[in-house]
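The structure under discussion appears below in the form of structure tokens.
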């Protein structure tokens, strides 16, 4: 990943500097070491620092925002769709037993720079974009991350359920099951 000095006098840069962090590499490491967890308002990435936690969306939204504030637009915020299953998250093996579907399409945010993926969600192997097989990827602007990740994912799931009636589940129930999977692997 590119490294640069954080000099911008804007929200995300100022909040990360308040932690004594002055380079992008240091910011990436700091954010990666924060616990995985949802912030109280997913549209306010500064809460990653204030609340000391974040998800793939909020952590990478913050980092992409810092890069953008410092005129490094070559650092791209990406949303990728992969098939969440026991193969991608072994902790979900018992959850998927007896289900009428083998996987749930899940969206994951990460950064891309110079054609390479960089994932700062956590130090866990289960949150590593380089280990996932994405079936769809899309660049989003940092201010779009909170809303567009969910829109992209829900659209994909709705289309999948039309193509795969053998899943035998409604969109609403599959979305609830997705939430349960996230709860399981967030422990």
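Values in this text are rule-based calculations from the coordinates and carry no lab data. Since this is a predicted model, take the numbers as computed values, not measurements. FYI the Cβ positions are ideal-geometry reconstructions off the backbone, even for glycines, and counts take in every protein chain you see.
Between residue 162 and residue 100, how high is the FRET efficiency from 1/(1 + (r/R0)^6) when r is the Cβ-Cβ distance and R₀ = 22 Å? Nearest 0.05.
0.90
Compute log10 of I(q)/I(0) for region 61-170 with the Debye formula, placing one identical point scatterer on every Cα and leaving out solvent, at q = 0.10, 0.14, 0.16, 0.21 Å⁻¹, to two decimals.
One equal scatterer on each Cα of region 61-170 leads to -0.33, -0.62, -0.78, -1.15.
Using a simple spin-label model with points 7 Å from Cα along the Cα→Cβ vector, what separation in nm is obtained for residue 180 and residue 130?
According to this spin-label approximation, the distance is 3.4 nm.
For 114, 177, what's the fewest-to-most ordering of other Cβ within 10 Å of each Cβ? It would help to have the intermediate numbers written out before the result.
Working: 114 10, 177 16.
Neighbour counts put them in this order, fewest first: 114, 177.
Against the longest principal axis of the chain, how steep is helix 171-186, in degrees 0 to 90 to the nearest 10, with axes from Cα atoms?
The angle comes out at about 60 degrees.
What FRET efficiency comes out for the pair residue 150/residue 83, r = Cβ-Cβ distance, R0 = 22 Å, nearest 0.05? Show your work: numbers first, answer last.
Details: r = 18 Å, r/R0 = 0.80.
That pair, residue 150 with residue 83, gives E of 0.80.
Using R₀ = 25 Å, calculate the FRET efficiency as 1/(1 + (r/R₀)^6) where r is the Cβ-Cβ separation of residue 9 and residue 113; round to 0.05.
So the FRET efficiency works out to roughly 0.60.
Quick check: convex hull over the Cα atoms of the chain, volume per residue in Å³, rounded to an integer? Mind showing how you got there, number by number?
On the way: hull volume 19.5 nm³, N = 187.
In the chain, the Cα convex hull volume per residue is 104 Å³.
So what does the Cα-only Debye profile of region 11-69 read at q = 0.12, 0.23, 0.24 Å⁻¹, as log10 I(q)/I(0), no solvent term?
For region 11-69 at q = 0.12, 0.23, 0.24 Å⁻¹, log10 I(q)/I(0) is -0.21, -0.82, -0.90.
I want the antiparallel fraction of DSSP beta bridges within the chain, as a percent rounded to 5.
Values: 18 of 19 bridges.
Percent antiparallel among DSSP bridges in the chain is about 95.
Taking the alpha-carbon centroid of each part, what is the distance from region 145-187 to region 19-44 in angstrom?
The two parts, judged by their Cα centres, are 26 Å apart.
How big is the convex hull of the Cα atoms of region 57-112, per residue, in Å³?
72
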